[in-house]
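Notes follow the structure.
The values are calculated or read from the model by the stated rules, or taken from the named source; none is laboratory data. Treat the numbers as computed from the prediction; the structure is a model and nothing was measured. Here Cβ is always computed from backbone atoms with ideal geometry, including for glycine, and neighbour counts include all displayed protein chains.
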């Protein structure tokens, strides 16, 4: 057991993303964050990385923010940052490794994804929008433009149009997965109460730890009805952060 923990701890501590420095939007805030992290001032580092992200989101900055939040003892905020890093850069496995480490250490459930949500994680979220839009317009153009220009349709026009239409249809499922994944959030407050009704006086049915994933079903005022792996209930809007950046 100690060997396994030391292995994961070694992975986590080695992942401060200096190589991602060029991705930071604000050089001053990013440098401040790195300097503070090296000095062990993790709260200050988290604040600096958050300020850099306020200017422009970058996967490397999110990765570093997660490390600073984790070292500060903010499990929920760390998991949110790593999930958002994986959302925008699925080919970078550092965030996934940190997530696995955090979930095993804090004994948290992982995010449950449907098959179409899982396929949406294969590429960055924006790529699926570009693929769907580009393939559809290409198919339409190859079908309509030759006739509009009074050109003779060649065999390759129909072949490429059919291929583009097929790509468009295949991209619909991941695109829908991106939409439904935007309803997934992470509990950030400690001892978040799951209530029977959207009111602070409502009966409590359970307590959710920071870092626990939830899926928002609907909103009523300052409360969300969420689905968890232990049951459904209402939680305060300020007690969760969504994985979709900017939601």
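Across the stretch 97-120, the qualifying residues are those that are surrounded by fewer than 19 Cβ atoms within 10 Å (Cβ to Cβ), closer than 16 Å to residue 186 by Cα and touching a helix residue (DSSP H, G or I) at 6+ places or on another chain (Cβ under 6 Å), and the one among them that is modelled with the highest pLDDT is 106.
Scanning the stretch 146-169 for residues that are surrounded by 14 or more Cβ atoms within 10 Å (Cβ to Cβ) and within 21 Å of residue 131 (Cβ to Cβ) yields 157, 160, 161, 163, 164, 165, 167, 168. Just a yes or no: is a residue in the stretch 1-10 part of a helix (DSSP H, G or I), modelled with pLDDT of 50 or more, in contact with a helix residue (DSSP H, G or I) (Cβ under 7 Å, 6 or more places away or on another chain) and within 16 Å of residue 95 (Cα to Cα)? No - not one qualifying residue is present in the stretch 1-10. The listed residues are 77, 55, and the only one of them that is outside the structural domain of residue 127 (by TED's automatic domain parsing), surrounded by fewer than 24 Cβ atoms within 10 Å (Cβ to Cβ) and closer than 20 Å to residue 28 by Cβ turns out to be 55. For the stretch 127-143, filtered to residues that are closer than 18 Å to residue 244 by Cα and in contact (Cβ under 8 Å) with a residue 12 or more places away in the chain, the residue that is surrounded by the most Cβ atoms within 10 Å (Cβ to Cβ) is 128. When 91, 148 are screened for being under 16 Å from the mean Cα position of the chain (by Cα) and not assigned by TED's automatic domain parsing to the domain that holds residue 210, only 91 passes. The residue that is surrounded by the most Cβ atoms within 10 Å (Cβ to Cβ), among those in the stretch 211-242 that are on the phi > 0 side of the Ramachandran plot and assigned to a loop (DSSP other than H, G, I, E, B), is 211.
A count restricted to the stretch 200-210 and to residues that are touching a helix residue (DSSP H, G or I) at 6+ places or on another chain (Cβ under 9 Å) and either without any contact (Cβ under 8 Å) to a residue 60 or more places away in the chain or in a strand (DSSP E or B) (or both) stands at 1.
As a summary of the residue check, residue 163 satisfies the conditions (1) at pLDDT below 95; (2) outside any loop (DSSP other than H, G, I, E, B); (3) out of contact with any strand residue (DSSP E or B) (no Cβ under 9 Å at 6 or more places or on another chain) except for the one numbered (1).
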